[in-house]
């Protein structure tokens, strides 16, 4: 991968992440994300997968991507861990 390609992918990751973080309740299928971000299927699936792996997004059983919200009890325990 060239530096230009890496930069484009990095920019796309940030754009997609920002869209989900800035728009509460945003849900997109892969096809909807392809259209919204003007990217091909393979690239879109890869970036969405990275965002799921990073814990930014969750993927439902129906293949819909949405912002990941940890369970309240998990979030509370993590907050205590990081506050220490």
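The values are calculated or read from the model by the stated rules, or taken from the named source; none is laboratory data. Keep in mind the model is a prediction, meaning the values are calculated, not measured. Using ideal geometry, Cβ is built from the backbone for each residue, glycine included, and neighbour counts are taken over all protein chains shown.
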Condition check for residue 74: modelled with pLDDT of 95 or more and either surrounded by 14 or more Cβ atoms within 10 Å (Cβ to Cβ) or more than 14 Å from the chain's Cα centre (by Cα) (or both)
no
Hits in the range 20-47 (condition: touching a residue at least 40 places away in the same chain (Cβ under 8 Å), loosely packed, with under 14 Cβ neighbours inside 10 Å and assigned to a helix (DSSP H, G or I))
21
Inside the range 48-57, can you point out the residues that are farther than 21 Å from residue 5 by Cβ and either in contact with a strand residue (DSSP E or B) (Cβ under 8 Å, 6 or more places away or on another chain) or part of a helix (DSSP H, G or I) (or both)?
52, 56, 57
